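Below: one structure, written as C-alpha coordinates.
The values are calculated or read from the model by the stated rules, or taken from the named source; none is laboratory data. As the structure is a computational prediction, the values presented were derived from the model and not from experiment. Quick reminder, even Gly has a Cβ in these numbers, built from the backbone with ideal geometry, and neighbours come from all protein chains shown. Quick note on the areas: whole protein, heavy atoms, side chains included, nothing else; ligands and nucleic acids left out. Shrake-Rupley method; radii C 1.70, N 1.55, O 1.52, S 1.80 Å.
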Amino acid sequence: LHQPDEVVLWASRVQVAVAMAHGWAWLRYSQAFAAVEPGRFARVAPFVLAVAAALSAAGLLHSGELRDHPFTPIGVVYRDALPNPLGEALLLYLSAVGIVPLARFARAWRAGVPHAGVHVVAYASQLLFGINDGLSTSRAIQLPYLLDTGFVLPILAVYWAVTEHFAEDARALERMRARPSVRVVRSV
(Lines give C-alpha, C1' and ligand atoms only; values in the text may rest on other atoms or scores of the structure.)
Protein backbone atom coordinates (compact mmCIF):
# COMPACT_ATOMS: atom_id res chain seq x y z
CA LEU A 1 0.00 0.00 0.00
CA HIS A 2 1.27 3.44 -0.82
CA GLN A 3 0.93 5.37 2.40
CA PRO A 4 2.57 8.56 3.64
CA ASP A 5 5.77 8.12 5.63
CA GLU A 6 4.04 9.17 8.86
CA VAL A 7 1.46 6.40 8.48
CA VAL A 8 4.13 3.76 7.81
CA LEU A 9 6.15 4.91 10.81
CA TRP A 10 3.09 4.99 13.09
CA ALA A 11 1.97 1.53 11.90
CA SER A 12 5.48 0.15 12.50
CA ARG A 13 5.51 1.51 16.04
CA VAL A 14 2.15 -0.12 16.73
CA GLN A 15 3.27 -3.37 15.08
CA VAL A 16 6.40 -3.63 17.24
CA ALA A 17 4.42 -2.73 20.37
CA VAL A 18 1.91 -5.48 19.55
CA ALA A 19 4.75 -7.95 18.86
CA MET A 20 6.22 -7.22 22.29
CA ALA A 21 2.80 -7.64 23.93
CA HIS A 22 2.31 -10.85 21.97
CA GLY A 23 5.65 -12.16 23.26
CA TRP A 24 4.55 -11.30 26.80
CA ALA A 25 1.26 -13.17 26.26
CA TRP A 26 3.01 -16.29 24.92
CA LEU A 27 5.29 -16.33 27.96
CA ARG A 28 2.33 -16.17 30.32
CA TYR A 29 0.23 -18.66 28.34
CA SER A 30 3.05 -21.22 28.02
CA GLN A 31 3.73 -20.95 31.76
CA ALA A 32 0.09 -21.72 32.57
CA PHE A 33 -0.25 -24.39 29.87
CA ALA A 34 2.87 -26.28 30.93
CA ALA A 35 2.22 -25.63 34.66
CA VAL A 36 5.79 -24.46 35.27
CA GLU A 37 7.29 -21.97 37.65
CA PRO A 38 9.32 -19.40 35.74
CA GLY A 39 13.05 -19.11 36.29
CA ARG A 40 14.73 -15.77 36.91
CA PHE A 41 14.99 -14.94 33.18
CA ALA A 42 11.34 -15.82 32.56
CA ARG A 43 10.26 -13.69 35.54
CA VAL A 44 12.08 -10.61 34.22
CA ALA A 45 11.26 -11.10 30.52
CA PRO A 46 7.57 -10.10 30.69
CA PHE A 47 8.49 -6.84 32.41
CA VAL A 48 11.14 -6.05 29.77
CA LEU A 49 8.64 -6.84 26.98
CA ALA A 50 5.98 -4.60 28.56
CA VAL A 51 8.48 -1.73 28.80
CA ALA A 52 9.58 -2.37 25.20
CA ALA A 53 5.96 -2.25 24.03
CA ALA A 54 5.48 1.10 25.75
CA LEU A 55 8.74 2.45 24.30
CA SER A 56 7.68 1.40 20.80
CA ALA A 57 4.24 2.95 21.18
CA ALA A 58 5.96 6.16 22.31
CA GLY A 59 8.12 6.13 19.16
CA LEU A 60 11.41 5.48 20.93
CA LEU A 61 12.46 2.30 19.08
CA HIS A 62 12.53 3.56 15.48
CA SER A 63 15.00 5.90 13.81
CA GLY A 64 12.36 7.65 11.72
CA GLU A 65 14.06 6.47 8.52
CA LEU A 66 12.12 4.35 6.02
CA ARG A 67 13.50 1.91 3.47
CA ASP A 68 11.80 0.23 0.53
CA HIS A 69 12.14 -3.53 0.41
CA PRO A 70 11.07 -4.95 -2.95
CA PHE A 71 10.21 -8.61 -3.43
CA THR A 72 9.94 -8.77 -7.21
CA PRO A 73 8.78 -12.40 -7.67
CA ILE A 74 5.31 -11.40 -6.47
CA GLY A 75 5.53 -7.71 -7.36
CA VAL A 76 5.48 -6.37 -3.79
CA VAL A 77 7.40 -3.47 -2.30
CA TYR A 78 7.43 -3.35 1.49
CA ARG A 79 8.21 -0.11 3.30
CA ASP A 80 10.16 -0.70 6.47
CA ALA A 81 10.59 1.75 9.32
CA LEU A 82 14.13 1.14 10.50
CA PRO A 83 14.69 0.52 14.19
CA ASN A 84 17.27 2.51 16.12
CA PRO A 85 19.98 0.62 18.08
CA LEU A 86 17.71 0.24 21.14
CA GLY A 87 14.94 -1.06 18.89
CA GLU A 88 17.30 -3.56 17.27
CA ALA A 89 18.46 -4.77 20.69
CA LEU A 90 14.90 -5.20 21.95
CA LEU A 91 13.83 -7.02 18.78
CA LEU A 92 16.75 -9.43 19.28
CA TYR A 93 15.66 -9.80 22.90
CA LEU A 94 12.13 -10.64 21.73
CA SER A 95 13.58 -13.32 19.44
CA ALA A 96 15.58 -14.83 22.31
CA VAL A 97 12.57 -14.75 24.64
CA GLY A 98 10.56 -16.51 21.94
CA ILE A 99 12.48 -19.71 22.59
CA VAL A 100 11.13 -19.98 26.16
CA PRO A 101 7.51 -20.84 25.21
CA LEU A 102 8.74 -23.30 22.59
CA ALA A 103 10.88 -25.08 25.18
CA ARG A 104 7.95 -25.17 27.61
CA PHE A 105 5.60 -26.61 25.00
CA ALA A 106 8.22 -29.20 23.99
CA ARG A 107 8.74 -30.29 27.61
CA ALA A 108 4.98 -30.55 28.07
CA TRP A 109 4.75 -32.66 24.91
CA ARG A 110 7.44 -35.03 26.18
CA ALA A 111 5.55 -35.23 29.49
CA GLY A 112 2.38 -36.27 27.66
CA VAL A 113 0.35 -33.09 28.20
CA PRO A 114 -2.65 -33.19 25.84
CA HIS A 115 -2.39 -30.91 22.81
CA ALA A 116 1.20 -29.88 23.60
CA GLY A 117 2.43 -31.32 20.29
CA VAL A 118 0.03 -29.08 18.38
CA HIS A 119 1.36 -26.12 20.33
CA VAL A 120 4.95 -27.05 19.47
CA VAL A 121 4.27 -27.22 15.74
CA ALA A 122 2.13 -24.08 15.66
CA TYR A 123 4.44 -21.97 17.80
CA ALA A 124 7.57 -23.20 15.98
CA SER A 125 5.99 -22.13 12.68
CA GLN A 126 5.38 -18.67 14.13
CA LEU A 127 9.02 -18.45 15.24
CA LEU A 128 10.20 -19.51 11.79
CA PHE A 129 8.00 -16.88 10.14
CA GLY A 130 9.41 -14.28 12.53
CA ILE A 131 12.97 -15.32 11.72
CA ASN A 132 12.12 -15.13 8.02
CA ASP A 133 10.78 -11.60 8.44
CA GLY A 134 13.77 -10.50 10.49
CA LEU A 135 16.20 -11.83 7.92
CA SER A 136 14.15 -10.35 5.07
CA THR A 137 14.04 -6.95 6.75
CA SER A 138 17.79 -7.00 7.24
CA ARG A 139 18.12 -8.12 3.59
CA ALA A 140 20.08 -11.21 4.57
CA ILE A 141 17.59 -13.25 2.50
CA GLN A 142 15.19 -12.27 -0.26
CA LEU A 143 11.77 -13.62 0.77
CA PRO A 144 8.32 -12.10 1.35
CA TYR A 145 7.15 -11.30 4.85
CA LEU A 146 5.22 -14.19 6.37
CA LEU A 147 4.63 -13.37 10.03
CA ASP A 148 1.50 -11.26 9.56
CA THR A 149 -0.33 -14.26 8.12
CA GLY A 150 1.69 -16.74 10.20
CA PHE A 151 -0.19 -15.81 13.36
CA VAL A 152 -3.21 -17.76 12.15
CA LEU A 153 -1.78 -21.24 12.87
CA PRO A 154 -0.85 -20.65 16.54
CA ILE A 155 -4.12 -18.86 17.21
CA LEU A 156 -6.10 -21.75 15.71
CA ALA A 157 -4.01 -24.27 17.66
CA VAL A 158 -4.68 -22.52 20.97
CA TYR A 159 -8.37 -22.12 20.12
CA TRP A 160 -8.62 -25.84 19.31
CA ALA A 161 -6.76 -26.88 22.48
CA VAL A 162 -8.86 -24.65 24.73
CA THR A 163 -12.07 -25.85 23.09
CA GLU A 164 -11.01 -29.49 23.47
CA HIS A 165 -10.09 -28.92 27.11
CA PHE A 166 -13.49 -27.31 27.75
CA ALA A 167 -15.25 -30.21 26.03
CA GLU A 168 -13.25 -32.76 28.04
CA ASP A 169 -14.17 -30.99 31.28
CA ALA A 170 -17.85 -30.96 30.28
CA ARG A 171 -17.74 -34.69 29.50
CA ALA A 172 -16.04 -35.41 32.84
CA LEU A 173 -18.68 -33.41 34.69
CA GLU A 174 -21.43 -35.26 32.85
CA ARG A 175 -19.85 -38.62 33.81
CA MET A 176 -19.68 -37.50 37.44
CA ARG A 177 -23.31 -36.44 37.42
CA ALA A 178 -24.33 -39.78 35.93
CA ARG A 179 -22.81 -41.73 38.85
CA PRO A 180 -25.27 -41.92 41.75
CA SER A 181 -22.50 -42.16 44.35
CA VAL A 182 -20.95 -38.83 43.36
CA ARG A 183 -22.78 -35.67 44.13
CA VAL A 184 -21.79 -32.54 42.27
CA VAL A 185 -22.71 -29.43 44.16
CA ARG A 186 -23.22 -26.20 42.30
CA SER A 187 -21.82 -23.21 44.10
CA VAL A 188 -22.95 -19.67 43.59
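Return the only residue of Gly39, Gly23, Gly59 being at pLDDT below 90 and either of a type outside the set (D, E, K, R) or farther than 24 Å from Val113 by Cα (or both). If you could, list the steps in order and put the result at the bottom.
Details: Gly23 fails: at pLDDT below 90; Gly59 fails: at pLDDT below 90.
Within the list Gly39, Gly23, Gly59, the selection yields Gly39.
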* Only one of these is hydroxyl-bearing (Ser, Thr, Tyr), surrounded by 20 or more Cβ atoms within 10 Å (Cβ to Cβ) and in contact with a Lys or Arg (Cβ under 7 Å, 6 or more places away or on another chain): Ser30, Ser12. Name it. => Ser30
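Please verify whether Arg13 is modelled with pLDDT of 90 or more, among the basic types (Lys, Arg) and out of contact with any Ser or Thr (no Cβ under 7 Å at 6 or more places or on another chain), treating the condition exactly as stated. Walk me through how you get there before you give the answer.
Details: modelled with pLDDT of 90 or more: yes; among the basic types (Lys, Arg): yes; out of contact with any Ser or Thr (no Cβ under 7 Å at 6 or more places or on another chain): no.
No: the conditions fail for Arg13.
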* Every pair of residues 6+ apart whose Cβ atoms lie under 7 Å, when the first sits in the stretch 128-156 and is more than 21 Å from Arg79 (Cβ to Cβ) while the second is among the small types (Gly, Ala, Ser) and not in a loop (DSSP other than H, G, I, E, B) -> Leu153/Ala122; Leu153/Ser125; Pro154/Ala122
* Asked: Given the conditions (1) touching a residue at least 40 places away in the same chain (Cβ under 8 Å); (2) more than 27 Å from His165 (Cα to Cα), and given that Ala34 satisfies all but one, which numbered condition is not satisfied?
  -> (2)
* **Counted residues, the stretch 142-181 - those being polar (S, T, N, Q) and under 16 Å from the mean Cα position of the chain (by Cα)** => 1
* Within the stretch 33-66, can you find the residues that are surrounded by 12 or more Cβ atoms within 10 Å (Cβ to Cβ), closer than 15 Å to Arg13 by Cα and not hydrophobic (A, V, I, L, M, F, W, C)? -> Ser56, Gly59, His62, Ser63, Glu65
* Asked: Across the stretch 72-120, what is the total count of residues that are open to solvent by 70 Å² or more (accessible area, probe 1.4 Å), free of Cβ contacts under 8 Å to residues at least 12 places away in the same chain and within 21 Å of the chain's Cα centre (by Cα)?
  -> 3
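Can you name the residue in the stretch 12-25 that is of a type in the set (A, V, I, L, M, F, W, C) and without any contact (Cβ under 8 Å) to a residue 60 or more places away in the chain and is also farthest from Ala96 (Cα to Cα) among such residues?
Kept after step one, since they are of a type in the set (A, V, I, L, M, F, W, C), are these residues of the stretch 12-25: 14, 16-21, 24-25.
Subsequent filtering for residues that are without any contact (Cβ under 8 Å) to a residue 60 or more places away in the chain retains 14, 17-18, 21, 24-25.
Numbers: Val14: 21, Ala17: 17, Val18: 17, Ala21: 15, Trp24: 12, Ala25: 15 Å.
My answer is Val14.
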